[in-house]
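Report on the structure given below.
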Amino acid sequence: MTDAEAPAETAARRTHRTGLIFGGLAYALWGVLPLYFLLLAPSGAFEIVAWRVLFSLVFCALIITLTRSWTVLGRALKQPRLVWTMGLAGVFIFINWQTYVIAATTGHVVEAALGYFINPIVTVLLGVFVLREHLRRLQWVAIGISFLAVVVLAFGYGSLPWISLILAFSFGLYGLIKKRVGPNVDAVTGLTLETAWLAPVAVVQLFVVSGISGLTFGTVSGWHTAGLLAAGAITAVPLLLFAAAARRLPLSVLGLIQFVAPVIQFLVGVFILNEAMPFERWVGFGLVWVALIILTVDMIASGRAPRRRAFEPA
């Protein structure tokens with residue numbers, strides 16, 4: 001290595017390390033979200049999600065104001081196809097949020113964690129059926145083991161693990177749409193458009209909750225109100241950290257650290273919330289983990305790059 005190459009190598013390593021920190025923080029925050037939603041009791045899942053949508057929109061507006069990037073949002077609004085696409089993305093992320101909060105507040109955190117363990121498998125399947133991608137042999141093996149895991153878990157639950165499947169497919173479809181949009185929209189602009197589409201739904205949802213059981217916002221305590229107000233930041237901050245990590249890390253590394261969130265969720269569900277883990281669940285989770293190991297090994301083997309380039313930002 002020449003003297004000229006040394007500073008570049010050092011800068012690349014620093015960028016890689018920063019990306020790992022940002023990515024780790026993003027997934028760690030997503031991992032502990034169930035505890036945050038439980039702290040918002042007695043608010044129900046539908047009220048929590050409605051406030052989450054509205055306060056996320058407010059938070060995004062504040063970020064756009066502070067960064068003076070209203071012109072960026074304005075350019076996005078002039079692209080009807082992009083706006084409608086983000087509306088569709090909003091539908092899937094709304095389904096994901098609502099299902100996740102219901103799971104967190106009704107004692108199904110472990111099942112939610114399973115959904116995010118399954119998500120990479122769903123992403124591979126979407127690549128086959130939507131993007132017409134061809135799978136390698138190990139990928140097919142991983143999908144087969146995952147299917148067996150769902151059968152085992154269905155036997156253990158007495159029914160299909162619907163929460164897991166809804167979370168996996170809604171987030172997989174959301175990711176597919178975001179992938180198709182690509183670099184045409186940044187994280188803040190994308191979330192702004194998505195929550196703007198969902199804002200009317202959130203308002204209607206609050207009216208319905210108000211008529212059925214009454215709203216809890218501002219009626220419990222100052223801390224509770226602050227917690228609901230913070231829902232916007234809790235939603236947007238991990239997304240921004242993830243976007244920062246994605247700009248600094250290769251996709252293969254980003255794919256590996258994505259398992260931080262469901263691992264934390266699983267630990268929270270089993271060891272903090274004391275959710276039941278009968279033998280069938282352990283077998284089902286074990287099969288899913290084996291499938292993910294196979295998928296990870298295949299990803300690393302097929303995308304291995306020279307060692308010197310491993311620290312280059314994506």
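State the extension gain, in nm to one decimal, for the chain segment bounded by Arg247 and Ile300, taking 0.36 nm per residue of separation less the distance between their alpha-carbons. Write out the running numbers ahead of the final one.
On the way: separation 53, 0.36 × 53 = 19.08 nm, distance 1.94 nm.
Length difference between fully extended and current span is 17.1 nm.
Farthest towards the positive end of the charge dipole of the chain, among the residues Leu125, Ala246, Leu88, is the Cα of Ala246, using unit charges on the Cβ of Lys, Arg, Asp and Glu. Using Cα centres only, tell me the gap between the stretch 209-285 and the stretch 163-188 in whole Å. Cα centres, the stretch 209-285 to the stretch 163-188: 17 Å.
Rounded to the nearest 0.05, what FRET efficiency is calculated for Ser221 and Leu62 with R0 set to 25 Å and r the Cβ-Cβ distance? The partial results should precede the final answer.
Numbers: r = 24 Å, r/R0 = 0.98.
Computed FRET efficiency for Ser221 and Leu62 comes out at 0.55.
If you take the Cα centroid of the stretch 95-161 and the Cα centroid of the stretch 46-68, the two points sit 29 Å apart. Other residues with beta-carbon under 14 Å from the beta-carbon of Thr123 carry, at +1 per Lys or Arg and -1 per Asp or Glu, a net charge of +1.
Where the only charges are on Cβ atoms (+1 Lys, Arg; -1 Asp, Glu), what is the dipole of the chain about its Cα centre, to the nearest 20 debye?
Values: 21 positive and 12 negative charges, 194 e Å.
For the chain, the charge dipole is close to 940 debye.
Go through [x] 24.4; [y] 18.7; [z] 21.2 and flag the label whose value is the computed mean projected area of the Cα convex hull in nm² for this structure. For mean projected area of the Cα convex hull in nm², the calculated option is [y]. The modelled label-to-label distance between Phe271 and Glu133, using points 7 Å beyond Cα along the C-beta direction, is 3.3 nm.
Which listed residue (Val181, Ser146, Leu20) has the Cα farthest towards the positive end of the charge dipole for the chain, taking +1 on Lys and Arg C-beta and -1 on Asp and Glu C-beta about the Cα centre? It is Val181, whose Cα lies furthest towards the positive end. Of the trypsin sites (Lys or Arg not before Pro) found in the stretch 175-229, no site is in coil according to DSSP while having at most 15 other Cβ atoms within 10 Å of its Cβ.
Read-outs: derived from the displayed coordinates by stated rules, not from any lab. Source: prediction; values computed, not measured. Note: ideal-geometry Cβ built from the backbone for every residue, glycine included; neighbour counts use all protein chains shown.
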